[in-house]
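In what follows, a structure is listed as structure tokens, so that the remarks can point back to it.
The values are calculated or read from the model by the stated rules, or taken from the named source; none is laboratory data. Just so you know, these numbers come straight off a predicted model, no measurement behind them. So basically every Cβ, Gly included, is an ideal-geometry build from the backbone, and we count neighbours across all protein chains shown. Note: accessible area is taken over every heavy atom of the protein model, side chains too, but ligands, DNA and RNA are not part of it. Shrake-Rupley method; radii C 1.70, N 1.55, O 1.52, S 1.80 Å.
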Amino acid sequence: MLIRNKQSWEMPEHMATPEDVYLNRRQILAAMGFGLAAGMGIMPKLAAAAIEGFPAKRNPSFTLDRDLTPEDEATSYTNFYEFGSSKNISRKAKRLKPDPWSLTIDGMVEEKITINADELIKKLGDQEERLYRHRCVEAWAMAVPWTGIPLEKLVRFARPTASAKYLRFETFHNPDIAPGQRQQWYPWPYVEGITVDEAMNVLPMLVTGIYGKALPNQNGAPIRIILPWKYGFKSIKSISRITFTDEKPVSFWEELQAKEYGFWANVNPEYDHPRWSQKTERLLGSGERVPTQLYNGYAEQVAGLYANMPQDRSLFF
Ligand SMILES: Nc1nc2c(c(=O)[nH]1)N[C@H]1C(S)=C(S)[C@@H](COP(=O)(O)O)O[C@H]1N2
Ligand SMILES: [Mo]
């Protein structure tokens, strides 16, 4: 996303901390005490095992009003700031190692869990495929087949306590493989959040694949969230931690520019972004401009979540 005015958090390139002041990986691990643990052979070894279940059976309840975006468009025009601010980051994203992948579920849960992504998916049940529209806040859009598990199943698996109100998602943090994370004026790691009520809705998916195959790195391998009624930045990629909490999470983009990227961020053509209109969107592939729909066309499934809230601009930022 483009940010027009230089803000206090925005440092010019030349002021960025030079790479040589960064601790190297061994120093960080040593500082954390892991160096010793690894040396003594008490670090658990993660075993590589690919996530299974591709292609998954399509769930016919989710239909589209438009053609699917060509696969090569949806997998080459991607937002993944960890690898740079351009859309063309797939080559850089090859450095990400999605297998084995450890994910921690913690916070207000009966029991903290750290589990490999493939094992987690196995425990959550059969994967399914759904065709969803996706709407970036920058006003481009696509329609793709995602493979995954309803997020609701993860919530049940996690056993949150009664006080948990929100899910806070965190992306991996490793500047050694993700050059964007060396740009210190960004509040890494990428964080997103939704309410537990939203997570229990029928739409959110814990996604592992696209077009019937495992996610390519640039689309958020090995595991991400998809929230098709919200602006795309909420659909966080390459998740390494999910925390249940009673505090409203502050997302990566909200921390950078709260006036432009808020917590709810539900799609609505009536509320413009401060710097551009949200009335229409450009389809990846054809380049066609089509009208944007309230809740990205998913009002039937999600409008009820917000029925008791002020129906104003704050719901749509
Ligand atoms: N970790 C992380 N997740 C992210 C982003 C990102 O930069 N980093 N970009 C977001 C934005 S702005 C969009 S539009 C979608 C894009 O998903 P896609 O590249 O698979 O289309 O991912 C979202 N998830
Ligand atoms: Mo986006």
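For every residue, the table says whether it meets (1) open to solvent by 40 Å² or more (accessible area, probe 1.4 Å); (2) in contact (Cβ under 8 Å) with a residue 60 or more places away in the chain; (3) among the β-branched types (Val, Ile, Thr).
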| position | (1), (2), (3) |
| --- | --- |
| LEU167 | no, yes, no |
| PHE172 | no, yes, no |
| PRO175 | no, yes, no |
| GLY180 | no, yes, no |
| VAL191 | no, yes, yes |
| ILE194 | no, no, yes |
| GLU198 | no, yes, no |
| VAL202 | yes, yes, yes |
| MET205 | no, yes, no |
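Just one of (1) in a loop (DSSP other than H, G, I, E, B); (2) hydrophobic (A, V, I, L, M, F, W, C); (3) in contact (Cβ under 8 Å) with a residue 24 or more places away in the chain fails for ILE242. It is (1). Answer yes or no as to whether VAL137 is under 16 Å from the mean Cα position of the chain (by Cα) and open to solvent by less than 60 Å² (accessible area, probe 1.4 Å). When the stated conditions are applied, VAL137 passes them. Would you confirm whether any residue within segment 83-103 is small (Gly, Ala, Ser), crowded, with 19+ Cβ neighbours inside 10 Å, in a strand (DSSP E or B) and more than 16 Å from ligand 2 (Cβ to nearest atom)? Looking for residues that are small (Gly, Ala, Ser), crowded, with 19+ Cβ neighbours inside 10 Å, in a strand (DSSP E or B) and more than 16 Å from ligand 2 (Cβ to nearest atom), one finds none in segment 83-103, hence no. Taken over segment 133-153, the residue count meeting the criterion of being part of a strand (DSSP E or B) and either under 18 Å from GLU288 (Cβ atoms) or within 11 Å of ligand 1 (Cβ to nearest atom) (or both) is 9. Inspect segment 159-179 for any residue being within 15 Å of ligand 1 (Cβ to nearest atom) and part of a helix (DSSP H, G or I) and give the result as yes or no. Yes.
Whether a residue is more than 11 Å from ligand 1 (Cβ to nearest atom) and either of a type outside the set (A, V, I, L, M, F, W, C) or closer than 21 Å to SER90 by Cβ (or both) was assessed, and PRO216 does not pass this test.
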